[in-house]
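See structure below.
The values are calculated or read from the model by the stated rules, or taken from the named source; none is laboratory data. In this text, all values refer to a predicted model and were calculated from it rather than measured experimentally. Quick reminder, even Gly has a Cβ in these numbers, built from the backbone with ideal geometry, and neighbours come from all protein chains shown. These area figures cover heavy atoms from the full protein model, side chains too; ligands, DNA and RNA do not enter into them. Shrake-Rupley method; radii C 1.70, N 1.55, O 1.52, S 1.80 Å.
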Amino acid sequence: MSDPIDRKGLEPRFWEKKPLAKLSDKEWEALCDGCGKCCLNKLEDEDSGEVALTCVACRLFDDESCRCAQYPIRHQFVPECIVLKPSNIDEHAYWMPQTCAYRLLWAGEPLFDWHPLISGDPETVHAAGVSMRGRTVPEFEIDEDDWEDHIIEEPV
C-alpha cells in the first residue's frame, strides 16, 4: 500500500534538531505515523478529564489504509475534525494517542523505532501492531450510547 505522506528529501532526524513550532508543513505532516488512532472516537470523563480511545472510527476512516478517505475535504463531512498544528498542540495533546509522534515530541519523548521516519518504511507501524488497521468498527454501525462498550486500552 502506498504512503500518502511525502517523507523524501527531509533532513535526517529533523525532529531532534528543531522545535515543533519551527517545522515546515512537510516536516509536520511527515511526523504522522499513519496509525489511525486520531480518527477514533474518544470518550472523555467530565470529572477527571481522562480520555479513553474506542475502536469506533470516524465515518471517513478507511480501516485498510488507516487513513481518512476524504482527507483534503474532510471538514465538509466532519466539521469538528481537528487540524493539528504547532499552534494548537498544547490544547490537544492530552487526548492524542500515547504512541503519537506529535504527542511524544511535544512531551520531549523520542519516537519509537517503528516510526516511518526512523524505520524508513510506512508499514512498520502496522507490523509493530500499534496501528488500527483491521481493528475498527464504523461509527454509523454503533449507537453513541454503546461506545463505552468499545473502549480499547493504550498503547494498542
List the number of the failed condition for E64; all other conditions in (1) open to solvent by 20 Å² or more (accessible area, probe 1.4 Å); (2) farther than 20 Å from I152 by Cα hold. (2)
Just to verify a result, which residue in the range 74-90, among those that are of a type outside the set (F, W, Y) and in a helix (DSSP H, G or I), is farthest from L104 (Cα to Cα)? Q76
Being touching a Gly at 6+ places or on another chain (Cβ under 7 Å) and not in a loop (DSSP other than H, G, I, E, B), is that true of even one residue in the range 97-114? no
In the range 84-98, is there at least one residue being free of Cβ contacts under 8 Å to residues at least 12 places away in the same chain and open to solvent by less than 50 Å² (accessible area, probe 1.4 Å)? yes
Under 6 Å between Cβ atoms, which residue pairs at least 6 apart in sequence (or on different chains) link something in the range 131-156 that is within 20 Å of W95 (Cα to Cα) with a partner that is among the hydroxyl-bearing types (S, T, Y) and assigned to a strand (DSSP E or B)? W147/T54; H150/T54; I151/T54
Counting only residues that are closer than 13 Å to P116 by Cα, open to solvent by 50 Å² or more (accessible area, probe 1.4 Å), modelled with pLDDT of 95 or more and among the acidic types (D, E), how many does the range 1-28 have? 0
